[in-house]
Each structure stands twice: as C-alpha cells, then as structure tokens.
Amino acid sequence: MSIEKFSVEKVLSVHRWTNTLFSFTMTRPAHFKFTAGQFARIGLKVADDLVVRAYSVVSSPFDETLEFFSIVVPEGAFTSNLQHLQVGDALYLEKVPYGFLTLARYQLPLPNDLWLLATGTGLAPFISMLQDFDTWQKYRKITLVYSVRTATELAYVERIQEIAANFGEGHTGFKFVPIITRDPEAALHDRLPILIENGQLEKFVGLTFNPETTHVMLCGNPQMVDDTKDALKARGLTMNRRGEGNIAVENYW
Ligand code: NAP
C-alpha cells in the first residue's frame with residue numbers, strides 16, 4: 001500500500017452509541033470530493049503497518065468535515081484499534097472516494113419512490129444521501145428502513161428526524177421504519193427478506209414495490225443483501241445495470 005495515496009487527517013470528535021458502535025468525525029482535505037453514498041478508505045497505523053478499511057461516508061458532500069459510523073469487530077485488526085480513537089489522533093485517508101451506490105446511477109425508471117434498506121452500520125450512506133436537497137426534490141416518497149438486533153443499536157434516530165425536518169421541510173412522503181429483530185414486541189421484528197416476502201413491510205409503509213417506479217438501495221450485512229435482492233427480484237424488480245433497473249447494492253463488509 002503506497003502511503004502517497006493517502007493524506008493524514010485529524011480526528012475531531014468521537015461519539016459512542018454502545019460498547020460496539022461508534023461514530024467519528026475527521027478533517028476533510030479540499031481535494032477529497034465525493035458523491036453521497038460513496039465510501040472512503042481509511043488507514044490506521046497498527047505497529048508499523050498501515051491497515052486500511054472501507055467506510056461509507058455519513059456526512060454530506062457539502063459538509064466541511066467527514067463522518068463515519070463503525071462497529072467494533074471482535075478481534076478485528078482494524079476496528080479493535082480504531083475503537084480507542086481519541087480527538088486529535090491521526091488517521092490516513094485515501095485521496096479518492098469509491099463506490100457506485102449513488103442516486104446518480106439511476107436513469108430508468110425515473111425517480112419516484114425511493115426505498116433505502118439498511119442493516120447495522122450499512123445505514124451510513126443513506127444518512128449522507130438524505131442530507132442532499134436533491135434527494136428530497138427528486139423523490140415523491142422516501143422510505144428509510146433500518147434493521148438492528150436490539151433497540152439500543154438504533155443509532156442516528158434523532159439525527160434522522162432532524163434531517164427529515166431540515167432537508168425534507170414540506171415533503172410529506174418520508175417514512176422512517178425501524179426493524180428490531182430480537183424484540184418480539186417491536187412493530188416489525190422479522191428480517192427484511194421475510195418482511196418483503198410476506199408483504200408486511202409494504203403494508204406497514206402503505207406503499208408497494210413497483211418495477212415501473214421503484215428505486216431500492218440495499219446496504220449492510222452481505223447475506224441480507226443477497227437474500228433481500230432475491231426477495232425483490234421475486235416481486236419483479238431488476239438489478240440496476242448501466243442506469244436501468246430498480247435495485248442497487250453495497251455490501252458493508
Ligand atoms: P448484523 O448481524 O448485521 O445484524 C444487524 C441486523 O441485520 C439485524 O437486524 C439482523 O437480524 C439483520 N440481519 C443479519 N443477517 C441478515 C440476513 N441474512 N437477512 C436479513 N437481515 C439480516 O449485526 P451487526 O451488529 O451489524 O454486525 C454483526 C457482526 O458483523 C459484527 O460483530 C462484525 O463481526 C460483523 N461486521 C463487520 C463489519 C466490517 O466492516 N468488517 C461491519 C459490520 C459488521 P438478526 O437479529 O435476525 O440477526
């Protein structure tokens with residue numbers, strides 16, 4: 001890994017949601033331009049090695065700083081060190097962003113109803129997209145679905161409400177739908193593919209998946225992405241290729 005590909009940035013804040021979930025912000029160099037939904041490659045010096053991982057950007061392309069959302073992977077070389085991050089620490093940032101989970105990839109069908117389906121830290125790119133006025137102008141309906149194991153893992157809920165109030169002011173088609181899979185009392189507690197197969201998600205939201213109008217993005221657990229993709233295809237939706245089709249995906253690890 002060539003170190004010249006990276007700039008050295010400084011940690012500005014760290015927010016701990018739970019023992020295993022945290023967010024951090026860092027300085028953003030002027031050269032780092034990205035589109036909402038893209039990811040950055042962040043490096044950490046572990047002993048003498050530079051260990052690098054991909055992180056979707058939480059902040060919007062218009063923000064002066066960069067924000068990221070992370071889980072502590074047990075015994076993971078990167079996150080087990082990253083979790084001890086403190087304000088003022090140095091982090092390496094690869095100079096260019098990556099990824100194609102962006103709204104710009106959709107040409108057909110035209111934007112109408114947008115479903116953003118996340119598990120865990122896969123929420124990150126969607127927070128970025130929702131902080132772009134363009135998203136709110138383009139889509140008549142926006143549904144953000146966020147699946148976690150327990151209610152304590154529901155990070156960013158207040159931020160989501162603030163974003164909807166600020167960026168979506170006057171927009172009447174936004175719905176935030178938490179799924180808490182290990183709480184049988186939760187309004188929605190089955191995994192995403194099941195909720196799609198049995199129609200419960202659409203019923204809850206009051207909107208159906210429609211190959212003529214729907215854009216759906218998936219981000220998070222790779223098995224969730226695969227299984228949900230299959231459930232959506234069974235409903236007639238297609239993978240977005242060269243601009244055409246309904247489904248776009250990103251595995252989060
Ligand atoms: P997770 O297992 O991804 O669970 C988050 C949500 O996704 C839960 O609601 C879970 O439901 C659901 N889910 C899991 N598998 C699914 C599937 N096949 N279809 C539909 N929904 C599914 O939990 P996490 O806490 O975010 O991450 C768990 C572990 O993943 C971490 O401990 C870590 O080892 C690894 N991870 C690694 C990275 C990385 O960057 N390397 C990033 C994130 C996570 P259930 O409650 O039913 O399982």
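The values are calculated or read from the model by the stated rules, or taken from the named source; none is laboratory data. No experiment lies behind these values; they were computed from the predicted model shown. A quick note on method: Cβ atoms are made from the backbone with ideal geometry, for glycine too, and the neighbour counts reach across all protein chains shown. What goes into the accessible areas is simple: the full protein's heavy atoms, side chains included, and nothing from ligands, DNA or RNA. Shrake-Rupley method; radii C 1.70, N 1.55, O 1.52, S 1.80 Å.
Quick notes
- Cβ separations smaller than 6 Å between residues 6+ apart or across chains give the following pairs from region 205-232 residues that are on the phi > 0 side of the Ramachandran plot and near the ligand (Cβ under 8 Å from one of its atoms) to residues that are at pLDDT below 95 and of a type outside the set (S, T, N, Q): GLY220/TYR252.
- When every residue of region 110-118 is checked against the conditions, at least one turns out to be open to solvent by less than 10 Å² (accessible area, probe 1.4 Å), more than 15 Å from the chain's Cα centre (by Cα) and not assigned by TED's automatic domain parsing to the domain that holds THR25.
- Qualifying residue in region 7-30 (condition: touching a Gly at 6+ places or on another chain (Cβ under 7 Å) and within 16 Å of the ligand (Cβ to nearest atom)): no
- Of the residues screened, GLU250 is one that is touching a Cys at 6+ places or on another chain (Cβ under 9 Å) and touching a residue at least 40 places away in the same chain (Cβ under 8 Å).
- Taking first residues from region 44-70 that are more than 17 Å from HIS15 (Cβ to Cβ) and partners that are among the aromatic types (Phe, Trp, Tyr) and away from the ligand (no atom under 15 Å from the Cβ), the Cβ contacts under 8 Å between residues at least 6 apart in sequence or on separate chains come to LEU44/TYR92; LYS45/TYR92; LEU50/PHE6; LEU50/TYR92; VAL52/TYR92; PRO61/PHE34.
- Residues located in region 210-246, provided they are of a type in the set (A, V, I, L, M, F, W, C) and more than 17 Å from LEU195 (Cα to Cα): MET239
- Given (1) within 15 Å of THR228 (Cα to Cα); (2) part of a helix (DSSP H, G or I); (3) within 11 Å of the ligand (Cβ to nearest atom); (4) out of contact with any Asp or Glu (no Cβ under 6 Å at 6 or more places or on another chain), number of the condition ALA124 does not satisfy: (1)
- Test: residue in region 98-115 that is of a type in the set (D, E, K, R) and within 16 Å of the ligand (Cβ to nearest atom): no
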